[in-house]
1. If Leu145 satisfies all but one of (1) open to solvent by 80 Å² or more (accessible area, probe 1.4 Å); (2) over 23 Å from Asn110 (Cβ atoms), what's the number of the condition it fails?
2. Looking at (1) modelled with pLDDT under 85; (2) open to solvent by 60 Å² or more (accessible area, probe 1.4 Å), which is the only condition Gln80 fails?
3. Glu53 fails exactly one of the following numbered conditions: (1) acidic (Asp, Glu); (2) open to solvent by 50 Å² or more (accessible area, probe 1.4 Å); (3) at pLDDT 60 or above. What is the number of that condition?
4. Checking the structure you have, find out if any residue of segment 61-72 is open to solvent by 30 Å² or more (accessible area, probe 1.4 Å), over 21 Å from Val144 (Cβ atoms), in a helix (DSSP H, G or I) and modelled with pLDDT under 90.
5. Here's a check for you: in segment 194-232, which residue that is in contact with a strand residue (DSSP E or B) (Cβ under 8 Å, 6 or more places away or on another chain), modelled with pLDDT of 90 or more and part of a loop (DSSP other than H, G, I, E, B) is surrounded by the fewest Cβ atoms within 10 Å (Cβ to Cβ)?
6. Are any residues in segment 158-176 among the aliphatic types (A, V, I, L, M) and open to solvent by 20 Å² or more (accessible area, probe 1.4 Å), and if so, which ones?
Amino acid sequence: MIVGSSDLGPLAGTGARAVALANTEQFLRQAKMAQPMQVAQGNRALAHLLKVEADVAQAASGLRGSHAFRTEFPQGPFGQAVRTAAQVVAGNAGVAAVRLSLDGFDTHQNQPAPHANLLRQLAEGLAALRSALVELDRWNSTLVLTYAEFGRRAQENGSNGTDHGTANVHFALGGRVKGGFLGAAPRLDRLKNGNLAVEFRSLYATVLERWWSVPSSGVLGGRFPPLDLLKS
């Protein structure tokens, strides 16, 4: 399930089928127009359209109803996306993964103020998401990970900002996540063109192998050791 964007993000290239929506109420209203037929009569294009309509109808059937959360969700687009994600989980629609997006981190200049605002939105949204998952008794069965479309350079540029880079900090949340810091401290004395050395695919290998029990080498194009991130 993709909330607030049609971009698959880290799910791209995996063959995953996804439904994108901005909020559950709007999606359910629009889903009523999907009237999937049973026979495509040998027309491959029509068969594809009917398959999409069937997927929409199936997704909508699992989202019927609206859970009345005690959790207070933040105002703004990201808070709305978190609320929608929580409603998806509450609907027991059989969704394996939900992707949320928070844009604006491409801070090439005057970074401090907008970056602080974005981190505030992220923190408030994640806190609300945790509260909602605890409310639904799904905290221990959910793994929340942050990811970045691109990293940032550790070295500041000449405009009070940072440029595209190879590394970033990521957060992992959930009832089965071990607390604390994981990984070696970054070596700022060993930058390459202002970049930190990093291998992010071990994070994805951890999710695939130790959360979903799926072999990771075929998806990631090689063998990357999982991280000691999850409780048994």
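The values are calculated or read from the model by the stated rules, or taken from the named source; none is laboratory data. This one's a predicted model, so the numbers in the text were calculated from it and none came from an experiment. Heads up, the Cβs are rebuilt from the backbone with ideal geometry, glycines too, and the neighbour counts pull from every protein chain shown. For the accessible areas, the whole protein counts, side chains as well, though only heavy atoms, and no ligand, DNA or RNA atoms are used. Shrake-Rupley method; radii C 1.70, N 1.55, O 1.52, S 1.80 Å.
1. (1)
2. Of the numbered conditions (1) modelled with pLDDT under 85; (2) open to solvent by 60 Å² or more (accessible area, probe 1.4 Å), the odd one out for Gln80 is (1).
3. (3)
4. Pass one, segment 61-72, residues open to solvent by 30 Å² or more (accessible area, probe 1.4 Å): 61, 64-70, 72.
Adding the requirement that they be over 21 Å from Val144 (Cβ atoms) leaves 61, 64-66, 68.
Imposing the further condition that a residue be in a helix (DSSP H, G or I) reduces the set to 61.
Remaining after also requiring modelled with pLDDT under 90: 61.
Looking through segment 61-72, at least one residue is open to solvent by 30 Å² or more (accessible area, probe 1.4 Å), over 21 Å from Val144 (Cβ atoms), in a helix (DSSP H, G or I) and modelled with pLDDT under 90.
5. Of everything passing the filter in segment 194-232, Lys231 is surrounded by the fewest Cβ atoms within 10 Å (Cβ to Cβ).
6. Those that are among the aliphatic types (A, V, I, L, M) and open to solvent by 20 Å² or more (accessible area, probe 1.4 Å): Val169, Ala172, Leu173.
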